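Everything on this sheet refers to the single structure shown next.
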Protein chains: 2
Amino acid sequence: MRSVIMEEPGKVVVEDRPMPTLLESTDAVIKLAASCICGSDLWPYRGAQPEPVDHQQMGHEYIGEVIEVGDDVKTVKPGDFVVGSFCISCGECATCRDGYPSRCLKAIAAGDGFIGMRSNGTQAEYARIPFADGTLIKTPAYPTAEQIPHLMAASDVLGTGWYAADAAKAGPGKAIVVVGDGAVGLGAVIGAKQLGAEKIIMMSRNPKRQELAKQFGATHVVEERGEEGIAKVLELTDGVGAHGVVEAVGTQQAFDQALGCVRHGGYIGFVGVPHDSSIGTDVLFDKQVHLEGGPAPVRKYLPTLIDLIYKGEIEPGKVFDLVLPIDEAPKGYEAMDQRTATKVLLTM
Amino acid sequence: MRSVIMEEPGKVVVEDRPMPTLLESTDAVIKLAASCICGSDLWPYRGAQPEPVDHQQMGHEYIGEVIEVGDDVKTVKPGDFVVGSFCISCGECATCRDGYPSRCLKAIAAGDGFIGMRSNGTQAEYARIPFADGTLIKTPAYPTAEQIPHLMAASDVLGTGWYAADAAKAGPGKAIVVVGDGAVGLGAVIGAKQLGAEKIIMMSRNPKRQELAKQFGATHVVEERGEEGIAKVLELTDGVGAHGVVEAVGTQQAFDQALGCVRHGGYIGFVGVPHDSSIGTDVLFDKQVHLEGGPAPVRKYLPTLIDLIYKGEIEPGKVFDLVLPIDEAPKGYEAMDQRTATKVLLTM
């Protein structure tokens, strides 16, 4: 089967690899209906992560049809169309029950915490999905071609953005700032809107992304950054700052922006994979801010997201502005690296 | 009137100072029934804070009788016995309404954010209290001598510990760790117990404080620190860590201890005044921990705390293990600095 491999930073190829098989009785194997390239795939692409990259099978977002299940899988069967998260979850352990399927104790203990650990990457024609019962959600019907990109977005970027908006306590009457205009930030706008936020302020200098943010529900766009950006946000929030801020980049600059825009006693939800950033506890103390972030517990939100997609109430698939067959994945990486594409959908 | 002055780090004297007067129509002046020395007073005492200390009027905890009020004060009058917080709050601005009277916009704008800014310190016979309506709570009756220390503790250490326990999401079925066995940590034990926590684990190597923690509701004591302490906490929490941790010290070591003891998706409430400590956002991301801290919004909790004290259900005044007349305040600082006293009550 065809599989996207990152041989080394900056070098992506597409090769034939062996079909994944069931390793555990709780596994499923799916045939991908589509896959996509994530902003977080750019960190290794740019050589900007501590771990070396060596012929890594890429991809962790996925939707598709179940073709085989282990003996202990009860909730999905061959022929079902499913959406899952990049975080594997048993659904039964203490952290899953606490609402953090993103840190499932059983999956982590099994070496299967994330897609791409023991399982293969999902920028491929087929993939092994561990703990299928706790990880996969069956869709109410086989999706139309139009629904495919929306479900694809739900698998990660929408789910991650939604979690960040939830952690930022988006809700009726609230002013929410989104730092980061990538697909996750745009997903956060959808989340904030659905959760009822009154003002949604997208920080973006990219006209195309600004436009999409507005379509998704952003009420304001701030182009300035740093102190000027903070001043603009204060102007829009009665001088006191936003109730909540989504941080969807992961850099020190983005964290500082988030801290500058939030009001005292406010909330920051952060989902950008952190790179060399830290926060002085004196700043947190002074702002008295609530901080929560991590790999998004997307599984928790999937039933809601799938329902909204099938009802036609959200169209998160609009974040995909480049569609390529899997064999052209290297072009997709290049386009996202150069920011000529926001998010790339790969077809099989 | 007598007032405790820190002339320079390590040098405390008691001097006569002018009586405080009403500066604003929203002020009250109170006659202190008692005062006390706070763990945070030790930072300047030890020369361990960035701002220089120069003849500072000390003290920010207070209870007493109202002797004079400004024209716009409506909820308290001369003769009332009151408890207040070190954070001044109008009760009406956006952050007060959001439940963060500790960051009151009006008080901060007036230069009156904390006791000891425009107002005098409360290790004194009398004190000016700004924004009396939003800051002071009248007690249901004039307190007995026995109730005085309990109300005194409510003014800061109990209220601060309670806030930290609340931020750590103490509640039924939860395992809560308290890092810091000072008066605030001990107050957090009372808070965690009242909020319904199932396991309360106090980290302490001091037999007297361990004993008091147990009286207050601690179910376990861990003497070890660092990796060994974390291992003990994991043993007591099914190998997954505490649901919530109270950090009541402020050092890097204490933050690291808190992060090591909390489970994935758990909560840290921090109230130790931070000193040269920071947290890598990668650690927060990996643990997916909720972090909240700052100057405690004690005012929010005071009605509950006063009620519990008058019902005799909590005895937070037990944290005072040394009582001195105000003229002997220097001895009190020395005893707390040397850790021969947990908390010193000053009588007038």
| request: Return yes when B:Val262 is farther than 26 Å from B:Trp43 by Cα and touching a residue at least 60 places away in the same chain (Cβ under 8 Å) and no when it is not. | output: yes
| said: Quick check on my filter: what residues within region A:254-278 are modelled with pLDDT of 95 or more and more than 26 Å from B:Pro295 (Cα to Cα)? | reply: A:Val271
| query | Can you name the number of the only condition in (1) part of a loop (DSSP other than H, G, I, E, B); (2) in contact (Cβ under 8 Å) with a residue 60 or more places away in the chain; (3) in contact with a His (Cβ under 9 Å, 6 or more places away or on another chain) that B:Ile268 fails? | reply | (1)
| query | Taking the condition within 21 Å of A:Tyr163 (Cβ to Cβ), of a type in the set (Val, Ile, Thr) and part of a loop (DSSP other than H, G, I, E, B), does A:Val240 pass? | reply | no
| So which of B:Lys318, B:Lys311 is basic (Lys, Arg) and surrounded by 15 or more Cβ atoms within 10 Å (Cβ to Cβ)? | B:Lys318
| What are the residues in region B:203-226 that are more than 14 Å from B:Val179 (Cα to Cα) and either in the same structural domain as B:Ala341 (by the TED database) or of a type in the set (D, E, K, R) (or both), if any? | B:Lys208, B:Glu211, B:Lys214
| said: Looking only at region B:108-135, count every residue that is under 19 Å from the mean Cα position of the chain (by Cα) and either in a helix (DSSP H, G or I) or within 14 Å of chain A (Cβ to nearest Cβ) (or both) and tell me the total. | reply: 4
| request: Taking the options A:Glu8, A:Glu61, name whichever one is in contact with a Ser or Thr (Cβ under 6 Å, 6 or more places away or on another chain) and either closer than 26 Å to A:Thr251 by Cα or within 14 Å of chain B (Cβ to nearest Cβ) (or both). | output: A:Glu61
| Inter-residue pairs, beta-carbon under 7 Å, first more than 11 Å from A:Leu186 (Cα to Cα) and in region A:303-321, second small (Gly, Ala, Ser) and in a loop (DSSP other than H, G, I, E, B), 6+ apart | A:Asp321/A:Ala341
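Quick grid of which residues meet (1) touching a helix residue (DSSP H, G or I) at 6+ places or on another chain (Cβ under 7 Å); (2) under 24 Å from B:Gly187 (Cα atoms); (3) surrounded by fewer than 23 Cβ atoms within 10 Å (Cβ to Cβ); (4) not assigned by the TED database to the domain that holds B:Gly250:
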{"site": "B:Ala107", "(1), (2), (3), (4)": "no, no, no, yes"}
{"site": "B:Gly116", "(1), (2), (3), (4)": "no, yes, yes, yes"}
{"site": "B:Asp133", "(1), (2), (3), (4)": "no, no, yes, yes"}
{"site": "B:Tyr142", "(1), (2), (3), (4)": "no, yes, yes, yes"}
{"site": "B:Glu146", "(1), (2), (3), (4)": "no, yes, yes, yes"}
{"site": "B:Ala164", "(1), (2), (3), (4)": "yes, yes, no, no"}
| task | Would you mind stating whether B:Thr237 is among the hydroxyl-bearing types (Ser, Thr, Tyr), crowded, with 24+ Cβ neighbours inside 10 Å and over 20 Å from the mean Cα position of the chain (by Cα)? | result | no
| Which residues, taken from region A:271-280, are more than 7 Å from every other protein chain (Cβ to nearest Cβ) and touching a strand residue (DSSP E or B) at 6+ places or on another chain (Cβ under 8 Å)? | A:Val271, A:Gly272
| message | Among the residues of region B:281-304, what is the count of those that are within 9 Å of chain A (Cβ to nearest Cβ) and either farther than 17 Å from B:Tyr267 by Cβ or part of a helix (DSSP H, G or I) (or both)? | response | 8
| task | Please specify each residue of region A:210-234 satisfying the condition of being crowded, with 22+ Cβ neighbours inside 10 Å and either out of contact with any helix residue (DSSP H, G or I) (no Cβ under 7 Å at 6 or more places or on another chain) or assigned to a loop (DSSP other than H, G, I, E, B) (or both). | result | A:Ala218
| request: Check whether at least one residue in region B:327-334 is among the basic types (Lys, Arg) and at the interface with chain A (Cβ under 8 Å from one of its Cβ atoms), and report yes or no. | output: no
| When the residues of region B:299-348 are filtered to those that are among the small types (Gly, Ala, Ser) and under 20 Å from B:Gln215 (Cα atoms), which remaining residue is farthest from the chain's Cα centre (by Cα)? | B:Gly312
| query | Which one of these is under 25 Å from A:Tyr310 (Cα atoms), buried (at least 24 other Cβ atoms within 10 Å of the Cβ) and out of contact with any Gly (no Cβ under 7 Å at 6 or more places or on another chain): A:Leu151, A:Leu158? | reply | A:Leu151
| message | Considering only residues that are within 9 Å of chain B (Cβ to nearest Cβ), out of contact with any Leu (no Cβ under 7 Å at 6 or more places or on another chain) and assigned to a helix (DSSP H, G or I), which ones fall in region A:79-107? | response | A:Ser102, A:Arg103, A:Leu105
| field | Considering residues of region A:253-266 that are at negative phi and within 9 Å of chain B (Cβ to nearest Cβ) only, the residue surrounded by the most Cβ atoms within 10 Å (Cβ to Cβ) | value | A:Gly266
| task | Can you confirm whether region A:317-330 contains a residue that is within 18 Å of B:Val289 (Cα to Cα), of a type outside the set (Gly, Ala, Ser), out of contact with any Phe, Trp or Tyr (no Cβ under 9 Å at 6 or more places or on another chain) and modelled with pLDDT of 95 or more? | result | no
| query | Is it the case that some residue within region A:23-30 is surrounded by fewer than 15 Cβ atoms within 10 Å (Cβ to Cβ), more than 23 Å from the chain's Cα centre (by Cα), under 30 Å from A:Ala248 (Cβ atoms) and touching a residue at least 12 places away in the same chain (Cβ under 8 Å)? | reply | no
| note | Conditions (1) surrounded by fewer than 21 Cβ atoms within 10 Å (Cβ to Cβ); (2) over 25 Å from A:Ser40 (Cα atoms); (3) in contact with a His (Cβ under 9 Å, 6 or more places away or on another chain) -> A:Val283 fails only (3)
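The values are calculated or read from the model by the stated rules, or taken from the named source; none is laboratory data. Here the structure is a predicted model, which is why all the values come from computation and not from measurement. Note that each Cβ is placed from the backbone with ideal geometry, even for glycine, and that neighbours are counted across all protein chains shown.
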